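Scroll down for the structure; my scribbles are underneath it.
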Amino acid sequence: MRGLVVKGLATTSVALGLAVLPALAEDASKPAIVTQANAAAAPSAADLLFDQPHMKNAAPGSTLTYDYLRRSGIAKGPFGAPLEDTVQLKVEPGKSAEGRDISVVMFSGLNRVPAGPFEDMAGNPIVSLFLENHLRGLAKVLEANPRYLKLAIRKGLREKATVTPTKVTVGGREVDGWRVVTKPFQGDSMAQRMRGLDDMTYTFVTAPSVPGEIVSIEASSKSADGGELLEEKLNYDQKAG
């Protein structure tokens, strides 16, 4: 991630549809596990990822750029060749003060994925876009029911998410942020069918001082001997923004 630093963050999808944002928010509305001392002041995972008007500080006419990486060390490459690309959100005024009309350029060339547009959206669609794409690939590799995977992530955000404060460096200064971590498939009754991917860890970092508020999203899984099964991440590109 260029120009943006998150302290303590490791550097490490059949489609959900546009309804994933409210659907996940509805099922993840219960408070997440909180590890900091001032637990009463901590937001829930749903509030941070789905309920906040993230786009209120994204200026109309601007473009939010996110650097994307996916790679896997699994033999025969079931996730496909390594991919480094970008996702761009082009922001225009919405009907409401906090809403934005957003057009999406998700990847480039032959990697391009149809996405959007979104009208008068207050939340940042990058969360649902990342999860939709991620679950499309994961369901294909595991030959799994995508609805089952989606529901597991909902449950993970509702019952297993850990919310901790973090610091993000923006423009040379540190600002407050939040980190949400969940392992939704850990202990799942179907874990033995997940080809070792049941330790998949999802990490989200948010910061109100960053346009669009979503700093980074990561899905990662390692084998018992430390080998990389999947690293998929997306980081806000401060310089491009």
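The values are calculated or read from the model by the stated rules, or taken from the named source; none is laboratory data. Values in this document were obtained by computation on a predicted structure and should not be read as measured data. A quick note on method: Cβ atoms are made from the backbone with ideal geometry, for glycine too, and the neighbour counts reach across all protein chains shown. Each accessible area value is taken on the protein alone, full model and side chains, heavy atoms only, with ligands, DNA and RNA left out. Shrake-Rupley method; radii C 1.70, N 1.55, O 1.52, S 1.80 Å.
Any idea what % of Cα-Cα pairs in segment 40-179 are farther than 22 Å? Working shown, then result.
Numbers: 5104 of 9730 pairs.
Within segment 40-179, distances greater than 22 Å cover 52 percent of Cα pairs.
Once you put a point 7 Å from the Cα of Asp120 and another 7 Å from the Cα of Arg195, both along the Cβ direction, what distance in nm separates them?
4.4
Can you tell me which of 120-126, 144-150 comes out highest on packing, and rank the rest after it, using the mean Cβ neighbours within 10 Å? Write down the numbers at each step before the final one.
Values: 120-126: 21.7, 144-150: 17.3.
The densest-packed peptide leads the list: 120-126, 144-150.
Could you calculate the contour length gain from Asn145 to Glu159, that is, 0.36 nm times the residue separation minus the distance between their Cα atoms, to one decimal place in nm? Working shown, then result.
Numbers: separation 14, 0.36 × 14 = 5.04 nm, distance 2.14 nm.
Extra length available between Asn145 and Glu159 comes to 2.9 nm.
Name the residue from Asn133, Met121, Thr86 whose Cα lies farthest towards the positive end of the charge dipole of segment 69-152, charges +1 on Cβ of Lys and Arg and -1 on Cβ of Asp and Glu.
Highest projection toward the positive end goes to Asn133.
Could you name the lysines in cross-link range of Lys140, using Cα to Cα under 24 Å and dropping any fewer than eight places away on the same chain?
Within the straight-line limit of under 24 Å, Lys140 reaches these lysines: Lys76, Lys150, Lys155, Lys183, Lys222, Lys233.
Over segment 189-232, give the accessible area per residue in Å² for a 1.4 Å probe, as an integer. Working shown, then result.
Numbers: 1580 Å² over 44 residues.
Value returned for segment 189-232: 36 Å² of accessible area per residue.
For Lys95, give me every one of the lysines with a C-alpha distance below 18 angstrom, ignoring sequence neighbours fewer than eight places off in its own chain.
Lys56
Expected output is a single nm value to one decimal: the length gained when fully extending between Lys167 and Val105, i.e. 0.36 nm times separation in residues minus the C-alpha distance. What is it?
Details: separation 62, 0.36 × 62 = 22.32 nm, distance 2.90 nm.
So the extension gain works out to 19.4 nm.
Can you list residues whose amide H is under 5 Å from Thr86's amide H, if they're 5+ apart or on another chain and H is modeled 1.01 Å from N?
Tyr68, Phe107, Ser108
Return the Rg/Rh value of segment 168-241, two decimal places, where both radii are evaluated on C-alpha atoms and Rh is the Kirkwood radius.
Values: Rg = 15.4 Å, Rh = 14.0 Å.
That ratio equals 1.10.
Spin-label point model (7 Å from Cα, Cβ direction): what's the Ser223 to Lys76 distance in nm?
1.4
Report, by chain and number, residues whose modeled amide H sits under 5 Å from the one on Asp101, excluding near sequence neighbours (fewer than 5 apart, same chain).
For Asp101, whose amide H was placed from the backbone, the distant partners under 5 Å are Glu92, Gly94, Asp120, Met121.
If you find the alpha carbon centre of segment 140-165 and of segment 184-241, how far apart are they in angstrom?
Here the answer is 11 Å between Cα centres.
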